[in-house]
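**Student:** This is the structure, below, for whatever I ask next.
Computed from the coordinates by the stated procedures, all read-outs in this text should not be read as laboratory data. Keep in mind the model is a prediction, meaning the values are calculated, not measured. With ideal geometry, Cβ positions are generated from the backbone for all residues, glycine too; neighbour counts draw on all protein chains shown.
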Amino acid sequence: MRVKDLPEISKLSTPEKILLVEDLWDAISADDSSIPVPESHKTELDKRLKRYQAAPGTLLSLDDLKTRLDKRK
C-alpha cells in the first residue's frame with residue numbers, strides 16, 4: 001500500500017501526518033511477535049554487550065557525548 005492509494009493522507013498537514021506515523025508505529029510495536037529480529041542484529045548486540053562487559057568504564061556518559069557533539073558544531 002502506498003500513500004497515493006489513500007488520498008485522505010495527502011490532505012493531511014505535516015503535523016497530522018507525523019501523528020499518523022506515530023500511531024502506526026505504536027500499533028506495529030505493540031505486536032512485537034510479528035517483527036522478527038535479524039540474526040545480524042542479535043550478533044551485533046551480543047558483540048557490544050561483551051565489549052561493555054570487558055571494559056565497562058570505557059563508555060561515554062550522556063554529558064560527555066553531548067560535549068563531543070557540541071564541539072563538532
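**Student:** Taking only the alpha-carbon positions of the chain and ignoring solvent, what does the Debye formula give for the base-10 log of I(q)/I(0) at q = 0.14, 0.18 Å⁻¹?
**Tutor:** Those come out to -0.86, -0.93, one per q.
**Student:** Suppose R0 equals 35 Å; then what is the FRET efficiency for R51 and E8 from their Cβ-Cβ distance, rounded to the nearest 0.05?
**Tutor:** Here the calculated transfer efficiency is 0.15.
**Student:** Kindly write out, for the range 31-41 in residue order, the coupling ³J(HN,Hα) from the Karplus curve 6.51 cos²θ - 1.76 cosθ + 1.60 (θ = phi - 60°), rounded to whole Hz, with x marking Gly and Pro.
**Tutor:** 10, 5, 5, 8, 10, x, 8, x, 4, 5, 5
**Student:** Assign unit charges at the C-beta atoms only (+1 for Lys and Arg, -1 for Asp and Glu), then state the dipole size of the range 3-72 relative to its Cα centre in Debye, rounded to the nearest 20.
**Tutor:** 640 debye
**Student:** So how tilted is helix 14-30 from the main axis of the chain? Cα-based, degrees 0 to 90, rounded to 10.
**Tutor:** With both axes taken from Cα atoms, the answer is about 70 degrees.
**Student:** Debye sum, Cα scatterers, the range 33-73, no solvent: what log₁₀ I/I(0) at q = 0.14 1/Å?
**Tutor:** -0.55
**Student:** Shifting gears a bit: Tally Lys and Arg at +1 and Asp and Glu at -1 over the other residues with C-beta under 14 Å from the C-beta of L20: what net charge comes out?
**Tutor:** Spelling it out: positives minus negatives among the neighbours equals -3.
**Student:** Mind checking the full-extension length gain between T43 and K66? Use 0.36 nm per residue of separation minus the Cα-Cα distance, one decimal, nm.
**Tutor:** Gain on extension, T43 to K66, equals 5.5 nm.
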